[in-house]
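Take a look at the following structure, please.
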Amino acid sequence: MRVIIVEDEYFTATGLQALLTEIDPDIEVLTILQSVSECVEWFGSHPEPDLAFMDIHLADGPVFSLFERIEVTCPIIFTTAYEEYALKAFEVNSIDYLLKPIKETDLQRALDKVKRFSHTEQKVDNQALMAKMMQALNESQVSYKSHFLIPWRDKLIPLSVDKIAYIRADSKASVIVTTDRKEHFVDLSLEKMVQELNPKLFFRANRQYIVAHSAIQSMSVWFGGKLTVTLAIETPEKIVVSKAKNKEFKEWYQGAYDPDTK
């Protein structure tokens with residue numbers, strides 16, 4: 001079976017690849033893609049795989065926007081860190097989902113379902129399925145955090161998201177840096193953090209940084225079509241936005257970027 005993995009978290013992607021090989025050594029992972037843009041380019045120049053694993057939240061927007069740009073007919077198994085998405089959006093025949101962190105037993109179940117489906121003459125209509133899923137997601141009324149509770153000694157101190165300048169990755173956790181330059185350790189991955197925050201106010205610039213709209217002071221054109229972002233407070237290193245995310249970032253900053261439709 002030839003599969004692709006669409007996932008912008010490196011360790012999640014390689015972990016899934018290792019699980020697939022352990023379950024079935026005959027499974028060939030053709031590529032790991034990290035964004036909607038990479039998917040459009042890859043599907044436009046390669047034969048479709050037998051199966052695709054796709055994370056819902058990618059660096060340049062929700063994976064559903066892929067199906068507005070190209071036709072994908074292979075079976076898809078979606079991955080998500082949020083069970084509330086799964087409860088409504090994945091109650092659809094011939095499609096499956098995996099909750100993160102992915103367990104071997106759940107992965108085996110999903111693969112078995114795909115194999116059963118492949119023996120039928122039923123065709124996959126991903127566009128129709130995406131329409132149903134988007135409707136279900138819109139009805140789920142996702143809310144975003146207004147505060148984080150920061151542990152301090154024997155207390156929990158409320159921290160308003162309005163005070164956040166940026167968030168940087170720290171191994172499997174994150175460090176929130178506020179506008180007054182104070183640092184707060186949070187036991188959540190950067191992937192989880194970006195899903196907790198309002199996408200109109202925060203943007204994941206790269207694997208290491210989430211930036212707050214209100215903290216951005218300037219942007220500079222860098223080599224290779226990239227951007228560097230300067231915040232109102234200093235950062236340990238340059239915050240670089242890749243060429244692939246350049247357009248989305250500028251649209252987001254100008255208020256034209258809609259994460260639900262991109």
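The values are calculated or read from the model by the stated rules, or taken from the named source; none is laboratory data. Quick caveat, the model's predicted, so the values are computed rather than measured. As a convention, Cβ positions derive from the backbone with ideal geometry for all residues, glycine included, and neighbour counts pool all protein chains shown.
Quick one: in region 222-241, of everything that is touching a residue at least 60 places away in the same chain (Cβ under 8 Å) and closer than 12 Å to ALA205 by Cβ, which residue is surrounded by the fewest Cβ atoms within 10 Å (Cβ to Cβ)?
Ranking the qualifying residues of region 222-241, first place goes to THR235.
Also: Give me the residue from region 200-236 that is out of contact with any strand residue (DSSP E or B) (no Cβ under 9 Å at 6 or more places or on another chain) and not in a helix (DSSP H, G or I) and, out of that set, modelled with the lowest pLDDT.
LYS200
Pick from region 59-87 the residues that are assigned to a loop (DSSP other than H, G, I, E, B), modelled with pLDDT of 80 or more and not charged (D, E, K, R): which of them is nearest to PHE203 (Cα to Cα)? Before the answer, list the steps.
The initial filter retains those residues of region 59-87 that are assigned to a loop (DSSP other than H, G, I, E, B), namely 59-60, 70-75, 81-82.
Imposing the further condition that a residue be modelled with pLDDT of 80 or more reduces the set to 60, 70-75.
After this cut, where a residue has to be not charged (D, E, K, R) as well, the list is 70, 72-75.
Values: ILE70: 25, VAL72: 27, THR73: 31, CYS74: 31, PRO75: 30 Å.
Within region 59-87, the match that is nearest to PHE203 (Cα to Cα) is ILE70.
Here is a check on your reading of the model: is ARG204 under 15 Å from the mean Cα position of the chain (by Cα) and under 21 Å from GLU7 (Cα atoms)?
Numbers: under 15 Å from the mean Cα position of the chain (by Cα): yes; under 21 Å from GLU7 (Cα atoms): yes.
So ARG204 fits the description; yes.
While we're here: Evaluate the following for SER189: is it of a type in the set (Ser, Thr, Tyr), surrounded by 14 or more Cβ atoms within 10 Å (Cβ to Cβ) and within 19 Å of ASP60 (Cβ to Cβ)?
yes
Turning to a different aspect of this structure: Those residues that are in contact with a Lys or Arg (Cβ under 6 Å, 6 or more places away or on another chain) and either surrounded by fewer than 19 Cβ atoms within 10 Å (Cβ to Cβ) or at pLDDT below 90 (or both), I need them from region 35-58; list them, please.
VAL40, ASP50
Given the residues LEU19, LEU30, which is the only one that is touching a residue at least 24 places away in the same chain (Cβ under 8 Å), surrounded by fewer than 22 Cβ atoms within 10 Å (Cβ to Cβ), among the hydrophobic types (A, V, I, L, M, F, W, C) and part of a strand (DSSP E or B)? Talk me through it step by step, then tell me what you get.
Numbers: LEU19 fails: part of a strand (DSSP E or B).
Answer to the selection: LEU30.
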